[in-house]
Structures are given as C-alpha cells and as structure tokens.
1. Quick one: would you say LEU219 is assigned to a helix (DSSP H, G or I) and either modelled with pLDDT of 95 or more or surrounded by 19 or more Cβ atoms within 10 Å (Cβ to Cβ) (or both)?
2. Of the conditions (1) at pLDDT below 95; (2) in contact with a helix residue (DSSP H, G or I) (Cβ under 8 Å, 6 or more places away or on another chain); (3) not in a helix (DSSP H, G or I), THR242 clears all except one; give me its number.
3. Would you call ALA117 assigned by TED's automatic domain parsing to the domain that holds PRO266, at pLDDT 95 or above, aliphatic (A, V, I, L, M) and in contact with a Pro (Cβ under 6 Å, 6 or more places away or on another chain)?
4. Could you tell me whether VAL6 is hydrophobic (A, V, I, L, M, F, W, C), more than 20 Å from ALA220 (Cα to Cα) and surrounded by fewer than 16 Cβ atoms within 10 Å (Cβ to Cβ)?
5. For segment 227-239, how many residues meet the condition of being of a type in the set (A, V, I, L, M, F, W, C), farther than 15 Å from ARG187 by Cα and at pLDDT 95 or above?
6. Suppose the filter is in contact with a strand residue (DSSP E or B) (Cβ under 8 Å, 6 or more places away or on another chain) and in contact (Cβ under 8 Å) with a residue 60 or more places away in the chain; does VAL98 pass it?
7. Please give the helices (runs of 4 or more DSSP H) falling wholly within segment 249-338 in which 3 or more residues are within 23 Å of the chain's Cα centre (by Cα) and closer than 30 Å to ASN230 by Cα.
Amino acid sequence: MLIVMVHKATQEQVGAVLDAVRRLGYTPQPIPGENRVAIGVLGNQGYVDEEPFRDLPGIQELIHVTKPYKLVSRDFHPADSVVRVGGIAVGWGLAPIVIAGPCTVESRDQVLATARAVKAAGAGILRGGAFKPRTGPHTFQGLGYEGLEYLVEAGRAVGLPIVTEVMRIDQLEPVAAVADCLQVGARNMQNFDLLKELGHIGKPVLLKRGMSATLEEFLAAAEYILLEGNDQVILCERGIRTFERALRNTLDLGVVPFLRQVTHLPVIVDPSHALGRRDLVTPMAKAAFVVGAAGVMVEVHPDPAHALCDGPQSLDPAGFAQLMGELRAARGVAASGA
C-alpha cells in the first residue's frame, strides 16, 4: 500500500500514520516529495486493510500496490535515480555511458592494454572479470584475486572506475574494498542471500537479468538489494534464452522503454553477451542508445582470436574505437571523466 498525505500534512499527522503502520506489524517507508509526503507500507504478504487508516487526519489517498516489488517501482519512487560509479553518473535521461573491457582478466599486460585502448576511445567505466562463472568446469574460471589486482591497477593507471563480478558472499568485502561497482551475473540474479548482502555493502551494484527471468522476477531481485538499504542499482539487459538458436540469446530491447515507465533504476544493455557475435555488437549497441538505454556494456580484447573467454563476441581496440564513433553519431556519450 502507498499512503499519500495531503499537501499540508503536519509532522504529527505523518507520525500517527507511521505508528499505525508499525502497529499492524508492517514497515513504514516515508517517501518525501516535492509537494507532499507519501508513506510506503512494506512487509505485507497480501492485501492491507484500509480500516486502521480511514479516520487518521492528513491522509489524501490510499493506493494498493499489488506488485511483488515496491522500492524499485515508480509508485514508491517517482523520480529517476542516479547511480554514481566513481565519478560517472548513470541514470535515465543522462548522457549514456559506455562500459568496456575484457570478459576475463587474463594477465596484467592484457588488461592494461585494454584499459588504455578503451580509455582513449572514450569509455567511461572499465569492466573485467576476475571470478568467472562458466557453463563447464574445465574452462578458464578467471585469475581470482590476482586478476582483481591487475584490474584495479589498470583502472587506476588510466583513470577509469572499475566494475567486476562477485559470485559468493565471502568475495563481497575484499572486492568492494577496491572496486567501484559490483556486478551480479545472470546466473546469480536469484542468489537471494548474495543480493541481501549486497544491500549492506555500500557500493553500486550492476544486476544482470537472468537467462530465463521475467521482468517481474528481474525487478523482484533488485528489490532484495534495495530493501536492505542500497538504492545504487543499475539493471542490465543481456539477452534471454528463447527457442531461437541462431544467436547466443535473444536481446530484448523492448524492456528498455518499458522499464523506464516502471522503475526509477537505470537500465543498460549488454549486446556482447546477448548476441555472441562481434559483427552484431555495434548495430545493437546503437539500437540500445536509440531506445533510451542509460548505457551499454561491451567486451573488448587486444587479441580476440586468442581470448580465453568469449573471443567471438569481443571487439578489438580498432573495432571499439569505431563503435564509439558510431555511438556518438547516434547519441551523445558520457566520456571518461564526465
């Protein structure tokens, strides 16, 4: 339920409503607005009875919210959220950001060369995987904390904030100590214990949509993080598994304008993982900008033919520079340092 107070509601009237919500065993969430205060009711498992609120002064309207997510919804938070990754602002309506880097950190030289290339071309955030969840156990799983050290070094050398994936709760604190943003991969979108802990970690979170997740499930996963106190969440559409097998996944660009209506959290698009083919990354990245995405995330490798992970979808530095030029032509890009 969302309780909307009248324009001139007093502190005493707001306090009485907060107390009434608590007496029912729920959690009140004050939502200050430009013209009036609203109070969200959290913790209910079903319909909230209006009767305890009907005679309380200062209430303008009682709105029942039936969605399984509330804090990520524009019902509870009408204004766009801006997520700050280092010095880079990510949000609806802002200049879209480009996140770029290797799928996996393979060596110090590899990630540093990539960092220099993407920085020179205008990327705003450096990505790289230190811990890599792979479909098969015999494939390269990343360098772990050694790879994280190389990624941090490369980001600092070129002046870019970094985003990297976490897979387990025990990785959160050491990674958060050095990374600017923590990524939750598609396979962990519904790792609810991990999501809850990310709500306490105090760093921005990039949450990828699960391979078969509905949008309701996607937003409910983000709700776990916000409910624990962290509202710095970026949503990432990375393609979903459908019956079509010509491409790696089906890139669902329709979610971008739809989610802009539904949630205040910014949405970016990852065409690299969605398509699995480098020749399709540029047109779909441009399409993501056109439909209003807050940014794109693409994979770049200095030598894709010899990459240890996802080489076929990785751009080389020249290809990435060309992509950036075409993105600027499609729409302004938030360059590094913006």
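The values are calculated or read from the model by the stated rules, or taken from the named source; none is laboratory data. Fair warning: this is a prediction, and the values are worked out from it, not measured in the lab. Neighbour counts run over all protein chains shown; Cβ positions are idealised from the backbone, glycine included.
1. Values: assigned to a helix (DSSP H, G or I): yes; either modelled with pLDDT of 95 or more or surrounded by 19 or more Cβ atoms within 10 Å (Cβ to Cβ) (or both): yes.
It is true that LEU219 is assigned to a helix (DSSP H, G or I) and either modelled with pLDDT of 95 or more or surrounded by 19 or more Cβ atoms within 10 Å (Cβ to Cβ) (or both).
2. (2)
3. Answer is yes for this residue.
4. Numbers: hydrophobic (A, V, I, L, M, F, W, C): yes; more than 20 Å from ALA220 (Cα to Cα): yes; surrounded by fewer than 16 Cβ atoms within 10 Å (Cβ to Cβ): yes.
In short, yes.
5. Filtering segment 227-239 down to residues of a type in the set (A, V, I, L, M, F, W, C) leaves 227, 233-236.
Now narrow it down to the ones that are farther than 15 Å from ARG187 by Cα: 227, 233-234.
Within this subset, residues satisfying the condition of being at pLDDT 95 or above are 233-234.
So the count comes out to 2.
6. On the way: in contact with a strand residue (DSSP E or B) (Cβ under 8 Å, 6 or more places away or on another chain): yes; in contact (Cβ under 8 Å) with a residue 60 or more places away in the chain: yes.
Yes: the conditions hold for VAL98.
7. Working: elements: 255-262, 271-275, 278-290, 317-330.
Hits in segment 249-338: 255-262, 271-275, 278-290.
A quick yes/no check of all residues on (1) loosely packed, with under 15 Cβ neighbours inside 10 Å; (2) modelled with pLDDT of 90 or more; (3) under 24 Å from the mean Cα position of the chain (by Cα); (4) basic (Lys, Arg):
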position: VAL14; (1), (2), (3), (4): no, yes, no, no
position: ALA20; (1), (2), (3), (4): no, yes, no, no
position: GLY40; (1), (2), (3), (4): no, no, yes, no
position: LEU71; (1), (2), (3), (4): no, yes, yes, no
position: VAL82; (1), (2), (3), (4): no, yes, yes, no
